[in-house]
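What follows is a single structure, written as structure tokens, with notes after it.
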Amino acid sequence: MDNQTDLRGHIMSIACQDIMEEWGEILTIDGFVENGQDWFKAFQENAKSLQTKYTLEEIEELYPGTWILLKIL
């Protein structure tokens, strides 16, 4: 769904970032994200990129937030 462009989407993306940082995973996004939807799209693109470099077991260990996203995609 592409409807996280309002304040709720922005707050959700910040909450996700905070949780991921607590788990030791920091998502670096190249470029500007205007809203929560942009952040989620960048997160998904990053997850797919990591999937080509690592096994799911490695992603689970190294990138727990990304691993959860990949499980629900």
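Give the longest segment of the chain that steers clear of chymotrypsin sites (Phe, Trp or Tyr not before Pro) in DSSP loops with at most 14 neighbouring Cβ atoms within 10 Å, not counting the sites themselves. List each step's numbers first, then the result.
Numbers: sites that count: 23, 32.
Here the longest run is 33-73.
Which aspartates and glutamates, if any, have their Cα less than 16 Å from the Cα of residue 53, not counting same-chain residues under 8 positions apart?
In chain and number order, the partners are 45, 61.
Within region 31-49, what residues put their amide N at less than 17 Å from the label point 7 Å along the Cα-to-Cβ vector of residue 6?
Under 17 Å, as judged by backbone N against the label point of residue 6, lie 35-38 of region 31-49.
Mind listing the phi-derived Karplus ³J(HN,Hα) values for region 18-32, rounded to whole Hz, using 6.51, -1.76 and 1.60 with θ = phi - 60°, and x for any glycine or proline?
Couplings: 4, 5, 4, 5, 4, 7, x, 10, 10, 8, 9, 10, 7, x, 9 Hz.
Multiply the residue gap between residue 35 and residue 49 by 0.36 nm, knock off their C-alpha separation, and tell me the result in nm, one decimal place.
Values: separation 14, 0.36 × 14 = 5.04 nm, distance 2.15 nm.
Taking 0.36 nm per residue and subtracting the Cα distance, the gain is 2.9 nm.
Ignoring everything except DSSP H segments at least 4 long, calculate the 222 nm mean residue ellipticity for the chain; use -39,500 (n - 2.57) per segment, divide by total residues, nearest 500. Walk me through the numbers on the way to the answer.
Values: 4 runs with 50 residues, N = 73.
Value at 222 nm, helices only: -21500 deg cm²/dmol.
None of the figures in this text is laboratory data; all of them are computed from the coordinates on show. Because the structure is a prediction, the values reported are computed rather than measured. All Cβ positions, even for glycine, are placed from backbone atoms using ideal geometry, and neighbour counts span all protein chains on display.
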